[in-house]
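All remarks here apply to the structure that follows.
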Amino acid sequence: MYAKRMGFGTRKDDVRRSHGVIVMRRWVCCSEGYKRITITETQRKKRPHDVTRTGCQAALRILLTQPSNTWKCKEFSTIHNHDLASSSEWRLRENAMSTSRCTTGFFGAKREEKIETDSEGALGFLDCLAERDPNFFVVYQVDEENRLANLFWADGNSRVDYVAFGDVLGFDTTYMTNEYNKPLTVLIGVNHHFNTCIFGFALLLHEKLPSYRWLLQKFLECHGDKKPNVVVATKMWP
C-alpha cells in the first residue's frame with residue numbers, strides 16, 4: 001500500500017529460514033539492480049524492452065525476533081534514484097500490466113494448443129474482477145477461427161469518471177505492446193485536478209479501422225452512448 005501511494009513497484013529480494021520458519025524477509029524497489037545484457041543488438045530478434053532497472057536502493061527488511069516472536073523493521077530506505085509515478089499513472093500501469101500478462105497468449109495462438117487455456121484463463125480473470133465490481137464492463141470479439149480478436153474492459157471507477165469528465169477523450173495506442181506486437185489501447189481523460197482518469201482499456205487485433213470501429217462502438221455501449229465533445233488521438237491509424 002505504501003509503494004502504491006508513493007508511486008513505485010516492489011519485488012521480493014531475500015528470504016531466510018530457520019528450521020523451516022521464515023525469520024527474515026526483504027523487499028526492494030522494482031528498479032533495484034541492473035539488467036544483464038546477454039545478447040548484442042545484432043543478435044536480437046525481438047524489440048528490446050524499456051530499461052527499468054536503475055540501481056535504486058529503496059528497500060524494506062524485517063526480522064523475526066525471539067523469544068517475543070515479533071517482527072521488527074531493520075532496514076527502511078526511502079530514497080529512489082528515479083521518478084515516481086502519480087497515483088493515477090500507477091493505477092494505469094498496474095491495471096495495464098496485470099491484465100496484459102493474463103491476455104498475452106490470446107493473439108496468434110494456435111487453437112489446438114493455446115486458445116482454450118489462454119482465453120479461458122484471461123476471461124476468468126476478468127470475471128473475477130467483475131464479481132468484485134458490479135459496474136465492471138468487459139466485451140470481446142473472436143475471428144473466423146474462433147480466436148480472440150479484440151477485447152475491451154472498464155471498471156466501475158472508469159465508468160463513473162467518464163460521466164463527470166468524459167467531454168474530452170484521449171486515445172492512446174502507444175502505451176505498451178505485448179510479445180505478439182498487438183496494441184494495448186488506453187482511453188483516458190483529465191479530471192478537475194488535471195490528473196489523468198482512465199475510461200477503459202483494450203487489446204486489439206491490429207491497428208486498422210475495423211478494430212478501432214469495434215472498440216469505439218463498445219466504448220460508447222459501456223458508457224451509456226455518451227459521446228465526447230473532443231477526441232485526441234496520439235497516433236493515427238491506417
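Can you compute the FRET efficiency between Thr70 and Val163 using 1/(1 + (r/R0)^6), with r the Cβ-Cβ distance and R0 = 45 Å? Round to the nearest 0.05. Walk me through the numbers on the way to the answer.
On the way: r = 48 Å, r/R0 = 1.06.
With R0 = 45 Å, the Cβ-Cβ based efficiency is 0.40.
What FRET efficiency would be calculated for the residue pair Leu84, Asp127, taking the C-beta separation as r and a Förster radius of 45 Å, to the nearest 0.05? Can you show the working numbers first?
Working: r = 33 Å, r/R0 = 0.73.
E between Leu84 and Asp127, to the nearest 0.05, is 0.85.
Take peptides 69-81, 221-233, 194-206 and line them up by average Cβ neighbours within 10 Å, highest first, as a rough protection proxy.
Details: 69-81: 11.1, 221-233: 13.1, 194-206: 20.2.
The most tightly packed comes first, giving 194-206, 221-233, 69-81.
Pulled fully out, how much extra length does the chain show between Arg17 and His193, if you take 0.36 nm times their separation in residues and subtract their Cα-Cα distance?
Details: separation 176, 0.36 × 176 = 63.36 nm, distance 4.74 nm.
Working it through step by step, the gained length comes to 58.6 nm.
Laboratory data are not the source of any read-out in this text; all were calculated from the coordinates shown. Quick caveat, the model's predicted, so the values are computed rather than measured. Don't worry about glycine lacking a Cβ; one is built from the backbone with ideal geometry, like all the others, and counts go over all protein chains shown.
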